[in-house]
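Here's the structure, in structure tokens; my notes come after.
Please treat every number below as a calculation from the coordinates, not as lab data. Keep in mind the model is a prediction, meaning the values are calculated, not measured. Don't worry about glycine lacking a Cβ; one is built from the backbone with ideal geometry, like all the others, and counts go over all protein chains shown.
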Amino acid sequence: MMKTILVLNGPNLNMLGLREPEVYGSETLADVEQTCREYGGGLGLVIEFQQTNHEGQMIEWIHHARRRIAGIVINPGAWTHTSAAIHDALIAAEVPVIEVHISNVHRREDFRHFSYVSRVAKGVLAGFGTDGYRMAIQHYASSLEQSNA
């Protein structure tokens, strides 16, 4: 049976490849999605990939994930630093969470150093560019393989 990983992307990530390429690189979100789907598929995982600029939509996707998927990879964008609602939704989902940031948020503005999501995440990947998504998917594949052994 194929296991599903939900990859969620928050506000402005639809602008990857256009917005601040010196910080976020030149890959588009479509490029990241294709990489995640191909990489996950090669590891026997189904990847559901979503992006929204609307916090309520993100919360709905997280709620729908409850007990339906094996893990969440989330790049919450600016909601990282502002959304207690996403924090609470991730707790309610009862699904392992890995937080991903393309840039190293700890080398940036002070307001980016706090994360509501990190408080509920199994792990955080920051500063590895879009490779952070692949690293998170690899972690889930390894964890699921160990739990099935």
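Annotations
- Gain in span if fully extended, residue 118 to residue 81, counting 0.36 nm per residue against the direct Cα distance: 12.3 nm
- Leading residue at positive end of dipole, the chain (Cβ point charges), from 106, 132, 45: 45
- Hull shadow area, averaged, region 38-149 [alpha-carbon convex hull, nm²]: 6.9 nm²
- Looking at region 41-76, the trypsin sites (Lys or Arg not before Pro) that sit in a DSSP loop and have at most 10 other Cβ atoms within 10 Å of their own Cβ are 67.
- P(r), alpha carbons of region 26-67 - 10 Å bins starting at zero, rounded %: 26, 39, 33, 2
- Separation between Cα centres of region 119-149 and region 15-39, rounded to whole Å: 18 Å
- Here is how the number arises for the chain: DSSP H runs of 4 or more residues each give -39500 (n - 2.57), the sum is divided by the residue count, and the result at 222 nm is -11500 deg cm²/dmol.
- Selection of GluC sites (Glu not before Pro), region 51-149, meeting DSSP coil and at most 11 other Cβ within 10 Å: 94, 109
- Charge dipole (the chain, unit charges on Cβ, about Cα centre) - positive-most of 142, 13, 62: 142
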